[in-house]
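The values are calculated or read from the model by the stated rules, or taken from the named source; none is laboratory data. These numbers were taken from a predicted model, which means no experiment stands behind them. In this analysis, Cβ positions are derived from the backbone assuming ideal geometry, glycine residues included, and neighbour counts consider all displayed protein chains. What goes into the accessible areas is simple: the full protein's heavy atoms, side chains included, and nothing from ligands, DNA or RNA. Shrake-Rupley method; radii C 1.70, N 1.55, O 1.52, S 1.80 Å.
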Amino acid sequence: QVQLVESGGGLVQPGGSLRLSCATSGGIFRGMYMGWYRQAPEKQRELVALITSISTTNYADSVKGRFTISRDNAKDTVYLQMNSLKPEDTAVYYCYAKWRTSEYWGQGTQVTVSS
């Protein structure tokens, strides 16, 4: 069973930065397909960024050039560096993992961008 634990959320002013972390346990991290999704109030959960086992990345258009997803296979951790944050980035951010045929989700971490 794969478990995901996010950290790093919080309150930040517009234009600021945050780094989210997602530590995994169970499975074999280096073989996992990892990602970040987010869900704002009264909106559907949406893809933010994905990273494959060979570190190919994909981003939502709304975050391209501002967010960077990365992984550290030695620490079994995936990161999301968020720069130039905007109020519309406010959401609960969820870590996602795909391992073999199963999908896993973290509990979510709140990111609030406000002055």
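Cβ-Cβ distance below 9 Å, separation of 6 or more or different chains: which pairs start in the range 68-92 with a residue that is within 19 Å of ILE28 (Cα to Cα) and open to solvent by 10 Å² or more (accessible area, probe 1.4 Å) and end on one that is among the basic types (Lys, Arg) and in a strand (DSSP E or B)?
Between residues of the range 68-92 that are within 19 Å of ILE28 (Cα to Cα) and open to solvent by 10 Å² or more (accessible area, probe 1.4 Å) and residues that are among the basic types (Lys, Arg) and in a strand (DSSP E or B), the close pairs are THR77/ARG71; TYR79/ARG19; TYR79/ARG71.
Considering each residue of the range 1-27, count those that are among the charged types (D, E, K, R) and either over 11 Å from the mean Cα position of the chain (by Cα) or open to solvent by less than 40 Å² (accessible area, probe 1.4 Å) (or both), and give that number.
The first filter runs over the range 1-27 and keeps only residues among the charged types (D, E, K, R), leaving 6, 19.
Now narrow it down to the ones that are either over 11 Å from the mean Cα position of the chain (by Cα) or open to solvent by less than 40 Å² (accessible area, probe 1.4 Å) (or both): 6.
The total comes to 1.
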